[in-house]
Amino acid sequence: MSQHHRPTNLIFNIVLTAILLATTMAKATTTLVVGSTGATGKHVVAQLLQQDQNVRAIARSKSRLLALLDEIVPDASTKYASKLQVTEAAILDLSDDELSKIVAGCDAVVQCLGHTITFRGIYRDPHRLVADSAKHLSAAIESANADITGNKKIKFVVMGSDGVSNPDGTDDVRSRSERIILSLLRKLVPPHADNEATAAYMSHDLAKDNVKKLEWVVVRPTDLVDGQVSDYVVYDKPQGGLFGAGVTTRANCAKFMVDLVLADGGGSSLWTEHAFKMPVVHDAACATEKKDETK
């Protein structure tokens, strides 16, 4: 009896294995990460690779990116070599056609650009690195997918700051003293004005009715610090004052962005909840401490 059923069981097991393998392969996404050698971008790349996802990265130096990945995950540059493609370039030096070719076939694009916090990094050109890159990438996404039919949208995740208000007016009004500080920052510190210009572009130019092939989320971390991945909490607007409202480890900011990239696009998923919005992310431990202080 058992021998009679053995071929049937073997066929069943082969079919089941094939289905499971196909399902696993189907879950693999391809994400372009811009700003991949940055303090947060390197974590985005590492975490995607650790989840067996395909990553394309634009970086000025491939060797530097690989060295940074090895610091996060030992031997990552070797272990994930087949999953990582690196284009050595500055994002704004790429032509429209060049960038469209890099974007083609991607399920998501993550922008983790910022200005180096040095005198030269803050005041040198390009003063609109973040905003101009967001424009360049969104145009490339639309162009690369113009001839693709169906309802699939490419996810565009942009790293912002909770020091920048949501242009849709849903954030709480800042105190008078904080508004004065932000006004001074806008005039004296180009990176802040750049982040504001980026938020305005995403909110207005890339409004839901203005785009066909993409959906976006602007992730606004609070004060960024180095640290390990842990639990995080997400708010729809900044919490507390401009300073000392909480902290977000760069690894946790990356984790939230990776979770957005890998979330199912339908139903009540993380992506659907935050699409076309500007959520604020905090470390959960810090949020708990703040709550305890108010008791």
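The values are calculated or read from the model by the stated rules, or taken from the named source; none is laboratory data. Only a predicted model underlies this, so the values are computations on that prediction, with no experimental measurement involved. Cβ atoms come from the backbone with ideal geometry, glycine included; neighbour counts cover every protein chain shown. In case anyone asks, the SASA skips ligands and DNA or RNA and just uses the protein heavy atoms, side chains included. Shrake-Rupley method; radii C 1.70, N 1.55, O 1.52, S 1.80 Å.
Couple of notes before you dig in:
- Of the strands (runs of 3 or more DSSP E) entirely within region 39-113, those holding at least 1 residues that are under 26 Å from LYS153 (Cβ atoms), under 18 Å from the mean Cα position of the chain (by Cα) and without any contact (Cβ under 8 Å) to a residue 40 or more places away in the chain occupy 54-59, 84-88.
- Taking the criterion of being open to solvent by less than 60 Å² (accessible area, probe 1.4 Å) and of a type in the set (A, V, I, L, M, F, W, C), the residues of region 82-108 that qualify are LEU84, VAL86, ALA89, ALA90, ILE91, LEU94, LEU99, ILE102, VAL103, ALA104, CYS106, ALA108.
- Cβ-Cβ distances below 7 Å connect no pair with a first residue in region 133-151 that is free of Cβ contacts under 8 Å to residues at least 60 places away in the same chain, a second residue that is assigned to a loop (DSSP other than H, G, I, E, B) and open to solvent by 90 Å² or more (accessible area, probe 1.4 Å), and a separation of six or more residues or different chains.
Let's see how each residue does on (1) more than 18 Å from the chain's Cα centre (by Cα); (2) of a type in the set (Phe, Trp, Tyr):
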{"site": "LEU206", "(1), (2)": "no, no"}
{"site": "VAL211", "(1), (2)": "yes, no"}
{"site": "TRP216", "(1), (2)": "no, yes"}
{"site": "SER230", "(1), (2)": "no, no"}
{"site": "PRO238", "(1), (2)": "yes, no"}
{"site": "GLY246", "(1), (2)": "yes, no"}
{"site": "VAL258", "(1), (2)": "no, no"}
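- The strands (runs of 3 or more DSSP E) falling completely within region 204-274 that include 3 or more residues that are of a type in the set (A, V, I, L, M, F, W, C) map to 214-221.
- ASP147 being outside any helix (DSSP H, G or I), under 23 Å from LYS42 (Cβ atoms), modelled with pLDDT under 95 and not aromatic (Phe, Trp, Tyr): no
- Counting only residues that are among the small types (Gly, Ala, Ser) and open to solvent by less than 50 Å² (accessible area, probe 1.4 Å), region 68-81 holds 2 of them.
- Residue check, VAL229 modelled with pLDDT of 95 or more, β-branched (Val, Ile, Thr) and surrounded by 21 or more Cβ atoms within 10 Å (Cβ to Cβ): no
- Meets criteria (closer than 23 Å to LEU129 by Cβ and open to solvent by less than 30 Å² (accessible area, probe 1.4 Å)) for SER203: yes
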